[in-house]
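Any read-out appearing in this document is the output of simple, stated calculations on the displayed coordinates, not a laboratory observation. Small disclaimer: the values here were computed from a predicted structure and weren't measured. Quick reminder, even Gly has a Cβ in these numbers, built from the backbone with ideal geometry, and neighbours come from all protein chains shown.
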Amino acid sequence: MRDSPMDGRSPIYQHVDPDAALPVLGMTAPFRAVIVAELPVTNSQQNRISDWLVAQGCLYAMAWGVNASSWDDAIDWAAIAKTDFAQVSEGALVLTTWHDDETLSEVFDFAIRCASHPAAPLNELIIVHVAGASDPERIQAAYPRSASQWGTLRQQKRQIGHGNGAPEDAVAGTGPTGPSVDQPVSCARLAPSSD
């Protein structure tokens, strides 16, 4: 039995410019992803990134930021399209959540302690930063316990994208707000035991 859903591994940071080519991820599938959306994107851009994540082996996607609930829907549709609308086995099921009313730190905590798959081990976590410019240091600052819990971010060797920076308060603030049917989830019972 694993001590935690992450097995103590550091997450991988991947900057994604919505207009740039998408890389092949250098990680083992299946994996979980936190989408940190700091730019508004078109439906076409969102669908392309969602299709890419599902094709690469994402089985659990958590969306935070600009239009988080639409990222949740886009990943769901990408998973459905991948199977050509056929029923999928439990091991191939793609789970999604969106986090409109939480801080990014809370989403990372959810990813570590709560985001697990019913039939597949998800030992890798990728942070997909949809933004004009790469900024792993600012994203890492969203989880102050990262030095003891996660180590440091592992960056993909090949970074894609360029552009202007994202708003400063996108990570440091309380997060985007808006209507959401999701209720805050307490995962205290899922925390690793100390014995």
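Tabulated results
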{"item": "Percentage relative contact order, segment 1-143, counting C-alpha pairs under 8 Å, at least six apart", "result": "42 percent"}
{"item": "Contour excess over end-to-end distance, with Cα ends at D73 and A20 and 0.36 nm allotted per residue", "result": "16.9 nm"}
{"item": "Label-to-label distance, nm, for residues given as S89 and A141 (7 Å Cα→Cβ offset)", "result": "4.6 nm"}
{"item": "P(r) histogram, all alpha-carbon pairs of segment 35-116 included - 5 Å bins from 0, percent", "result": "3, 16, 26, 24, 18, 10, 3, 0"}
{"item": "Total formal charge among the other residues, if their Cβ is under 14 angstrom from that of K82, Lys/Arg +1 and Asp/Glu -1", "result": "-2"}
